[in-house]
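A.B. asks: Got a structure here, written out as C-alpha cells. Questions coming.
What follows draws every value from the coordinates through simple rules; no lab data is involved. This is a predicted model, so every value here is computed, not measured. With ideal geometry, Cβ positions are generated from the backbone for all residues, glycine too; neighbour counts draw on all protein chains shown.
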Amino acid sequence: MATRGGRQTRRVTASRHEGYLRHARFRWAKIAGIAALFAIIVYWIHDPDPRPNGGSVYGYTLGTIGALLILWLTMLGVRKRAMTRGAWSLKAWTSAHVYLGLLLLVIGTLHTGFQFGWNVHTLAYGLMLFVILSGIFGITVYGVLPRMLSENRGELTETQMLENLRAIDRQLHDAAQPLDGARAALVSAALAEDAFAVGLWSRLTGRERRGATRIARARILADDPASTRAEMLLDRKLEMLRQVHRHLRMRALLEVWLYVHVPVTIALIAALTAHIVSVFFYW
Amino acid sequence: MSFILRTASRAATGREIVRSQRVDADRLTIGRAPDCDLHLPDLQLALLHAEIVQHGADRVEVIARAGLPFEVNGRSTQQAIIALVPGGEVQLGAHRLTIGRDDGGDTLIQVMRIGEVSRAAATVDERNLFSIARIAPSRRATAWLLAILILGAFLVWPIRSFYAPSAIAGAEQADAAWSPGKLSLAHAGLEKNCAACHKAAFVAVRDDSCQSCHKDAHDHAAPERLAKATPVPGLEGQLRQSIALAFNRPPGRCVDCHTEHEGATAMAPTPQRFCSDCHGGLKSRLPDTPFGNARDFVQDHPQFRPTIAGAGTPPKLRRVSLDRHPRQDSGLTFPHALHLSTTNAVARMAQRQGKTGATDCADCHTPDLEGGFKPVSMEANCQSCHSLAFARSDGTVRTLRHGDPQQVVAELRDFFALHGPSRPQAIDGGRRRPGDFVAASLSATYGRAIANRGDAAERSIRAVFSPGGACYDCHKVEAAPGSLNFRIAPVVQQGHFMPHALFDHRPHASQSCTSCHTAPKSNSARDLLLPGIATCRTCHAGARPARGQVKSTCAMCHVYHQEGGTIATTPDRRRRDLDALQLTTQ
C-alpha cells in the first residue's frame, strides 16, 4: 500500500504543469531581478567623470557582462535542439533565457550611460532593444494566443478546416451548375479564390479582404432554387473563410516574432562585433 | 456515324474509372446544361458552350455556341476543323477532349477533367498552409543579409579606409559611424579626421597627437615634484592602473583629463578629482609647497591669499591671507566711502555736473575687454571734479600738468614771473622830475611788488602741495623741510590680486558691485576691498552644489597649464608674476 501511495504522489507532482515562466518558483526571475537592482544601485553610487559612459570602469564591466550575456542567450537556439531534464532542462534554460534577457535590457541600457547618437554603438543598442522587445512580444502571444486559437478553431484541426473548405467548394460547384453564365462566372471566381493568399501584413493586421467570394455573395440574386442554394453555400464559405483568416492571423502573430527575434539577433551580434572592434581599434 | 464518349475519373482510392457512352448523331452538343449530349459540370463553361459537327468520315468541326473561345492544340479559337487522323485536343474550361477515331470507325472523344473544382481542392502543401513560413522571408537569409550588411558597412569599410591611402574619395566618412559623440567646438575641425588623434590601430590616443597642435602646452610642475605630490594609489587605484596598463592605456596622458566626444559644446572642465588627488593632501607629501591643501571649493579650500604689490619700483610683493585683513599702500589717499556718499559735497558736486544722485563705481571704474577694469586715470576719471586749473589769463584757463611735480613747480614760477604787477604808466614818462611824489610812490610800490613776486610763486607752490592743495587731495607728498623739491609718493594700481586663479567680472554682472566689495563702508584708501572666500561661497558651491547654487569645480578658477602666475614652471617666473598682477605704476 505504502508503495502504491508513494507512486501516486509522485505522479501527482509530475503531472502538475509548471510553465517556463514560473519554473522553480521564479528562480531566474529572482536572480535577474536582484542582479538588475544591484546594477542600478552601483550605477547610482558610481560617479564617473565627467558623466556616465560606456568607457568608464563600470561601463566596461557592464559592457563585458552584456556581451557575454548576449552570446549565452543566443545559445538557446543551439540548446533547444537537445531536450534534457532536471536543473539544466530545456525548461530551466528557457526560463533563464527569458529573465536574463530582460536583465540584459537593464545592463545594456546602463552600459550606454544614456548617451545615444547616429553611430554603430547605438545601432547595436537599438538592435538589442528590438530583439528583447520582440522576445517580450513572443512571450505575450504565447501566453494569450493559443487559447484564442483553439477557441476559434472550435473542434476543428487545421486539416479539417481545409477539408471543410473543400467540401463547401464541391457543393458550391455542383449547386452552381444550373446557373447562367454570369452567375456561374461569379461562383467560379469564388471557387478560384485562394483562402491562403493573404500577405504577411494583411495577416498581422487582420484586415478583411473583399475577395471573390464576398463579391459573388453580394452580386448573386437569389431568384430561383439553384441560386438560393448557391447563395447559402456562399454564406457558409464566407463564414469558413473568416474562421480560416482569424486562424491565419493568430498563427501569424504567434510566429512572426521569431522572424524578427532570430535574424535580428544575428544582426545584433554583427553590430556588437563592429561596436567592440571599433572601440578598441580607435582606442 | 456515332460519337463514342469516354469519360475518365478517379475513385477516392486513386483507381481510374472509365465510362463509355455512345451517341448516335451528326452533331454533339457540349455544355454545362444537363440536356447537352456531353454534359460537363464545369462552371467555366456556358450552358451550351460548343458543338461538334461530323463532316464526312474523316473530319469534325468544333464550333463555339456561346461566343466563348476554346483551345485547340493550345490555340484559342471559336471554330476549328479537326482531322480524325491524327486527331486533336480541345480544351474547354477545366476539361480536355481528345478527339480521334476508334477501331470501329466512330469518332472517339475522350473526356478528362484537368483542373480542380476549387482552389482549396488544389492545395498541396497542407502542412505549412496556415504558417507564415510560406510567405515570410527566410529567417536564415534575413540573418545573413543583415549580418553581412552591418559588418560590411560598420567594420570592413571603416577598417579598409583606415589603411587605404587618403586619396580614395569618401574614405574619411567611413569611420564616421564609429564616433561615439561630437567633438568639442574647439576640435570640431577634426570631426572627419579620426586619424588626427587615433593614429595607430589598437593604440590608445597618445600625447604626441595633442602636441602636434598644442606645441607650447607645458607640464604643471617639475616632473620630480609632480611625482612626489602624487599619492600612492590604493588597492582600487592599483587595480585600475594595472587594468589600464594591460589594455595599453598608460596613465598620465592628456586625454585622462581632457575627455573628448562629449558633444559639440565647449570642452568639459576637467573633473575635480584630477586636482584633488594630489592637492587634497599636498602639504603632507610636499611640505615645502606654498599652497594649502584643497579638495573642494566648499569643503576644503584655503582662504584667498592675494598677492599685494606695494608702491615702488620694482614693486614689493607679498602674499597675505585675507583672514589677516591685509592693507595695501597704493600711494593714494582715496576714501571710497567719501566718494560713494549720497549726501556729502561729493554727491552735490556730481549733481551739479548733471548726475542724478551720487557718484557710483562705474564713474571711475571702466570695464576692460577681459573681465577686469581699466586703471583709473586722472584725465579720464578724476579731473572732472578734481580740477588742476589755477588761473585765467590771456583768455584761457591755465592748468597744472598731472604726473610731473617738477613741471608743476616750474610752471607756477614761470607764471608768476611773467604775470607780475602791471607797470604804472606814470613812472615811464621820461626822466622823473624832483618833487613828483606820486610818481616816486608808484615807483617804490612797483619796485616792492617786483621784489616780492618770487614769494607769491613760492606760496602758490607750497599751497598746491600742502593740505587743501590740488595734489594733496589725492596724493601723498614728500619734501625736505623748507625745500620746494616736492615729490609725489609712487602710486600703484593693481588689476589682479590672485594670479593663480581666473576671475572674470562679466559673468557676475547680474550682481551689484557692493554685494562683494564693501566700498561704501571703506574710509581708508589702504583698505583692500577684495571679498573673502565666504562671500564667494554664498553662491559658489563645490562639486556637489545644493539647489540654486553654482557648481564650482577647481577648473572654474584654476588652470593646470597656466602661463601667468607662479604655477607654470617657466624660467622667467618673476616677470610672469608681475604680468599677471597687471600693475599700473606712476
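A.B. asks: If I take the Cα coordinates of chain B and project them onto the principal axes, what are the three extents in Å, biggest first?
C.D. replies: Largest to smallest, the principal-axis extents are 196, 75, 49 Å.
A.B. asks: Under unit Cβ charges (Lys, Arg +1; Asp, Glu -1), what dipole magnitude, rounded to 20 debye, does the stretch B:203-267 have relative to its Cα centre?
C.D. replies: For this selection, approximately 180 debye.
A.B. asks: Taking only C-alpha pairs under 8 Å that are 6+ residues apart, what is the relative contact order of the stretch B:317-408 in percent?
C.D. replies: Details: 69 pairs, mean separation 11.4, N = 92.
It rounds to 12 percent for the stretch B:317-408.
A.B. asks: Helix B:139-151 versus the longest principal axis of chain B: what angle, 0 to 90°, nearest 10, using Cα atoms?
C.D. replies: Once rounded, one gets 30 degrees.
A.B. asks: Once the Cα atoms of the protein assembly as shown are picked out, what are the Rg and Dmax in Å?
C.D. replies: Considering the protein assembly as shown through its Cα atoms, Rg and Dmax are 53.2, 198 Å.
A.B. asks: Next question. Starting from the Cα-Cα distance between B:Ala83 and B:Glu458, subtract it from 0.36 nm times their residue separation and give me the gain in nm to one decimal.
C.D. replies: 119.3 nm
A.B. asks: Please compute, for the alpha-carbon atoms of the stretch A:135-283, the extent along each of the three principal axes and give them in descending order in Å.
C.D. replies: 84, 31, 20
A.B. asks: Which entries in B:Lys374/B:Lys521; B:Lys182/B:Lys228; B:Lys374/B:Lys551; B:Lys316/B:Lys374 show an alpha-carbon gap greater than 31 Å?
C.D. replies: On the way: B:Lys374/B:Lys521 23 Å; B:Lys182/B:Lys228 37 Å; B:Lys374/B:Lys551 29 Å; B:Lys316/B:Lys374 22 Å.
Beyond 31 Å between Cα atoms: B:Lys182/B:Lys228.
A.B. asks: Defining a contact as two alpha carbons under 8 Å apart and six or more residues distant in sequence, what relative contact order in percent does chain B show?
C.D. replies: Normalised by residue count, the contact order of chain B is 10 percent.
A.B. asks: When the dipole is taken about the Cα centre of the protein assembly as shown, and only Lys, Arg (+1) and Asp, Glu (-1) are charged at their Cβ, what size is it in debye, to the nearest 20?
C.D. replies: Rounded to the nearest 20 debye, it is 2900 debye.
A.B. asks: Along the Cα→Cβ direction, 7 angstrom out, place labels at B:Ala380 and B:Gln21. What is the inter-label distance in nm?
C.D. replies: Each label point is offset 7 Å from its Cα along the Cβ direction, giving 12.3 nm.
A.B. asks: Put +1 on the Cβ of each Lys and Arg and -1 on the Cβ of each Asp and Glu in chain A; which of A:Thr122, A:Val244, A:Thr74 then has its Cα farthest toward the positive end of the dipole?
C.D. replies: Selected residue: A:Thr74.
A.B. asks: Provide A:Val262, A:Val78, B:Val203 in ascending order of the number of other Cβ atoms located within 10 Å of each residue's Cβ, fewest first.
C.D. replies: A:Val78, B:Val203, A:Val262
A.B. asks: Here is a follow-up. How large is Rg over Rh for chain A, taking Rg from the Cα atoms and Rh as the Kirkwood inverse mean of 1/r across Cα pairs?
C.D. replies: 1.17
A.B. asks: Please work out the C-alpha center-to-center distance from the stretch B:386-422 to the stretch B:1-54 and express it in whole Å.
C.D. replies: Between the Cα centre of the stretch B:386-422 and that of the stretch B:1-54, the gap is 145 Å.
A.B. asks: Alpha carbon centre of the stretch B:223-262 versus the stretch A:188-260: separation in Å?
C.D. replies: 71 Å
A.B. asks: Follow-up. Please state the relative contact order of the stretch A:120-252 as a whole percent: Cα pairs under 8 Å, 6+ residues apart?
C.D. replies: Working: 93 pairs, mean separation 42.0, N = 133.
Rounded, it is 32 percent for the stretch A:120-252.
A.B. asks: In degrees between 0 and 90, to the nearest 10, how far off the longest principal axis of chain A does helix A:181-192 point, with axes built from Cα atoms?
C.D. replies: Between the helix axis and the principal axis of chain A, the angle is about 30 degrees.
A.B. asks: Continuing with this model, one more query. Any lysines with Cα under 30 Å of the A:Lys80 Cα? List them, leaving off those in the same chain fewer than 8 positions away.
C.D. replies: List returned: A:Lys30, A:Lys91.
A.B. asks: For B:Cys257 and B:Ala141, compute 0.36 nm times the residue count separating them, minus their Cα-Cα distance, and round to one decimal in nm.
C.D. replies: Between B:Cys257 and B:Ala141, full extension yields 37.1 nm more.
A.B. asks: Could you line up B:Asp360, B:Asp103, B:Asp208, B:Asp527 from fewest to most neighbouring Cβ atoms inside 10 Å?
C.D. replies: B:Asp103, B:Asp208, B:Asp360, B:Asp527
A.B. asks: Based only on other Cβ atoms within 10 Å, what is the fewest-to-most ordering of A:Trp257, A:Trp44?
C.D. replies: A:Trp44, A:Trp257
A.B. asks: Continuing with this model, one more query. Roughly how tilted is helix B:437-465, in degrees to the nearest 10 and between 0 and 90, from the longest Cα axis of chain B?
C.D. replies: 40 degrees
A.B. asks: With unit charges on the beta carbon (Lys/Arg positive, Asp/Glu negative), name the residue among B:Ser9, B:Leu97, B:Gly31 whose Cα is farthest towards the positive pole of the charge dipole of the stretch B:1-108.
C.D. replies: Value computed over the given set: B:Ser9.
A.B. asks: Between B:Ala444 and B:Ala391, how high is the FRET efficiency from 1/(1 + (r/R0)^6) when r is the Cβ-Cβ distance and R₀ = 22 Å? Nearest 0.05.
C.D. replies: Computed FRET efficiency for B:Ala444 and B:Ala391 comes out at 0.25.
A.B. asks: I'd like the FRET efficiency for B:Cys474 and B:Arg537, computed as 1/(1 + (r/R0)^6) with the beta carbon distance as r and R0 of 30 Å, rounded to 0.05.
C.D. replies: The formula returns an efficiency of 0.25 here.
A.B. asks: Next question, about the same structure. Taking R0 as 41 Å, what FRET efficiency do you get between B:Ala188 and B:Ala222 from their Cβ-Cβ distance, rounded to the nearest 0.05?
C.D. replies: Given R0 = 41 Å and the Cβ-Cβ separation, E is 0.75.
A.B. asks: Taking 0.36 nm per residue of separation and subtracting the Cα-Cα distance, what length does fully extending A:Val144 through A:His46 add?
C.D. replies: Length gained between A:Val144 and A:His46: 31.2 nm.
A.B. asks: Of A:Asn53, A:Phe196, B:Gln79, which is farthest towards the positive pole of the protein assembly as shown's charge dipole, taken about the Cα centre with +1 and -1 on the beta-carbons of Lys, Arg and Asp, Glu respectively?
C.D. replies: A:Asn53
A.B. asks: If you don't mind, there's one more thing I want to ask. Describe numerically, in nm with one decimal, the distance between label points set 7 Å from Cα along Cα→Cβ at A:Asp224 and at B:Cys513.
C.D. replies: 11.3 nm
A.B. asks: Distance in nm between label sites at B:Ser483 and B:Asp368, each 7 Å beyond Cα in the beta-carbon direction?
C.D. replies: 3.5 nm
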